Amino acid sequence: MASPRRMLHSEIRRALRLLGVAQERVIDVHFPVHGVVGLLINKSYEQDLRTLLKTAKVKTNDEFNPISESTIGDTKWRENSIEERATYAKLLYQERILAICLRMPKAHLGFAILRYFNKLEESDHHYIGDAYLAKFEEKHPKPARHPHPMLVSTEDSEMH
């Protein structure tokens, strides 16, 4: 979605609510570049959201590429090659998605989102590499599984 000015997350959420968007279906609101609002939603809600936005005459930017070199706004990157800027843009995108997933109140949801992006084709500009799954697991290690006491065999319990 386009944003003519800098807006707060709460303003975007309020506007979406007024449009009838189910807030519980919008996982995250982020601002990948100036003038663009990104919505992280469940894939199953995409068509419903598009219908609501179209009805409200809100334009979507289906051509937006988060890893395009044009997304780099930092002036220190102006002199770099297109390939270097594109590499940096991809790094920024992947770090942004990782940060979003690490902020999730439920770690399993963050991991599921990263896994979804990781399962995409590597040529897809939303693809997230294996290294980001490892980074997530490093910050949110899975709890160790302990056998249930009722499931321990009598032979095992006699040894202890």
- Task: Pop the C-beta distance of E121 and D74 into the FRET formula with R0 = 30 Å and round what comes out to the nearest 0.05.
- Result: 0.55
- Message: Net charge within 14 Å of K90 by Cβ-Cβ distance, Lys/Arg positive one each and Asp/Glu negative one each, not counting K90 itself?
- Response: -4
- Spin-label pair R103/M7, simplified geometry with 7 Å Cα→Cβ offset, distance in nm: 1.6 nm
- Computed, not fitted: 222 nm per-residue ellipticity of the chain from DSSP H runs ≥ 4 (each -39500 (n - 2.57)), nearest 500, equal to -13000 deg cm²/dmol
- Query: Can you list the lysines whose alpha carbon sits under 18 Å from that of K54, skipping same-chain ones fewer than 8 residues off?
  - Reply: K43
- Message: Rounded to the nearest 10 Å², what accessible area does L39 have for a 1.4 Å probe in the complete protein model?
- Response: 40 Å²
- List the longest stretch of the chain that has no exposed loop site; here a site is one of the GluC sites (Glu not before Pro) assigned by DSSP to anything other than H, G, I, E or B, with at most 13 other Cβ within 10 Å. 1-62
- Query: Excluding same-chain residues fewer than 8 positions from K135, which lysines have a Cα within less than 20 Å of its Cα?
  - Reply: K90, K106, K119
- For helix 130-139, report the angle its Cα long axis makes with the longest principal axis of the Cα atoms of the chain; keep it between 0 and 90° and round to the nearest 10°. 60 degrees
- Message: Report the Rg/Rh value for region 1-120, based on alpha-carbon coordinates and the Kirkwood definition of Rh.
- Response: 0.98
- Between A112 and F64, Cβ-based FRET efficiency (R0 22 Å, step 0.05) works out to 0.40
- Could you look at the chain and say what percent of its accessible area is carbon and sulfur, using a 1.4 Å probe and all protein chains? 54 percent
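The values are calculated or read from the model by the stated rules, or taken from the named source; none is laboratory data. Computed from a predicted structure; not experimentally measured. We place every Cβ from the backbone using ideal geometry, glycine too, and count neighbours over all the protein chains shown. Note: areas computed on protein heavy atoms with side chains; ligands, DNA, RNA excluded. Shrake-Rupley method; radii C 1.70, N 1.55, O 1.52, S 1.80 Å.
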